[in-house]
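Working notes, structure below.
Computed from the coordinates by the stated procedures, all read-outs in this text should not be read as laboratory data. As the structure is a prediction and not an experimental result, all values here were calculated from the model. All Cβ positions, glycine included, derive from the backbone under ideal geometry; neighbour counts span all protein chains shown.
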Amino acid sequence: MPNELIFILTVLIYLGSVLGLYLLFGKNGLYAFAVFSTLLGNIAVCKNIDLFGFSTTAGNVLYAATFLVTDILSEKYGKKHATRAVAYSFSIMLLWLLGTQLILWFTPNENDYINEHLKVVFGLVPRITIASLIGYICSQNLDVFLYHFIWKKTGNSKKKLWLRNNGSTLTSQLIDTVIFTTLAFWGEYPTEVFVSILVTTYVFKAVVALVDTPFMYLARKISPLSEREDKAPQERVESKGEIAQ
């Protein structure tokens, strides 16, 4: 299967998963996806691929999807819940960094066959994860700030949802791309390859940001099942109160 088709499928699967988890589990589903995407993204970004004739990494869609998560939280629940998702992911990435290195510290026995492969992958983790941590905390907080800044300037208008979604995401993803790519890959590849990765990483993230706009509109209409269940007991209590009166 060509990489281009896999890329399109990946975009639809991950953005669709954000909505699916939100429908099933509400805010908790979004928090879970934010953590999942940052962890898997730290592995996927180590893989170099060609897309539409350009060199890039396999982790772009995962990182880009996290901005949909924080934008949904900002739109539906406010700044506090969006920044909470960032804090959760940041904390788990710190544990991920520690955990992967602890695995490598163990001395393998004669039956082991995977340690050398883990060293190849997890050996890159410190630099990748530290770059990801710095890029993530800077860009995601900027995304939340810009989202609410644009919201205050334009009002809570459904017609302007595309503006606060894309305006905040496209700007913050540029910051994320520059910080992460520079810290993670500078000196690892020839200059022309590094520049190609830097430019194409942002381009593909920008494509995902534009594609996620209809998903954002769908998310605004979703009433999560878990939140309906949470409301039901309260509604029954209020109903009994009315009957008693």
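Read through the list (1) in a helix (DSSP H, G or I); (2) over 27 Å from Lys158 (Cβ atoms), then give the number of the only condition that Asp50 fails.
That leaves (1) as the condition not met.
How many residues are among the charged types (D, E, K, R) and either assigned to a loop (DSSP other than H, G, I, E, B) or over 24 Å from Gly135 (Cβ atoms) (or both) if we restrict to segment 63-121? If you could, list the steps in order and put the result at the bottom.
Step one: list which residues in segment 63-121 are among the charged types (D, E, K, R), which gives 71, 75-76, 79-80, 84, 110, 112, 116, 119.
When the remaining residues are screened for being either assigned to a loop (DSSP other than H, G, I, E, B) or over 24 Å from Gly135 (Cβ atoms) (or both), the result is 76, 110, 112, 116, 119.
Qualifying residue count, segment 63-121: 5.
Within segment 104-137, take every residue that is among the hydrophobic types (A, V, I, L, M, F, W, C) and surrounded by fewer than 13 Cβ atoms within 10 Å (Cβ to Cβ) and give me the one that is farthest from the chain's Cα centre (by Cα).
Ranking the qualifying residues of segment 104-137, first place goes to Phe106.
Would you please name the residue that is surrounded by the fewest Cβ atoms within 10 Å (Cβ to Cβ), looking only at residues in segment 35-58 that are over 13 Å from Asn3 (Cα atoms) and small (Gly, Ala, Ser)?
Checking each candidate, the answer is Ala44.
Name the one entry in Tyr202, Tyr147 that is touching a Ser or Thr at 6+ places or on another chain (Cβ under 6 Å) and over 18 Å from Val86 (Cβ atoms).
Tyr202
Among the residues of segment 172-205, how many are surrounded by fewer than 18 Cβ atoms within 10 Å (Cβ to Cβ) and closer than 24 Å to Gly78 by Cα?
Number of matching residues: 2.
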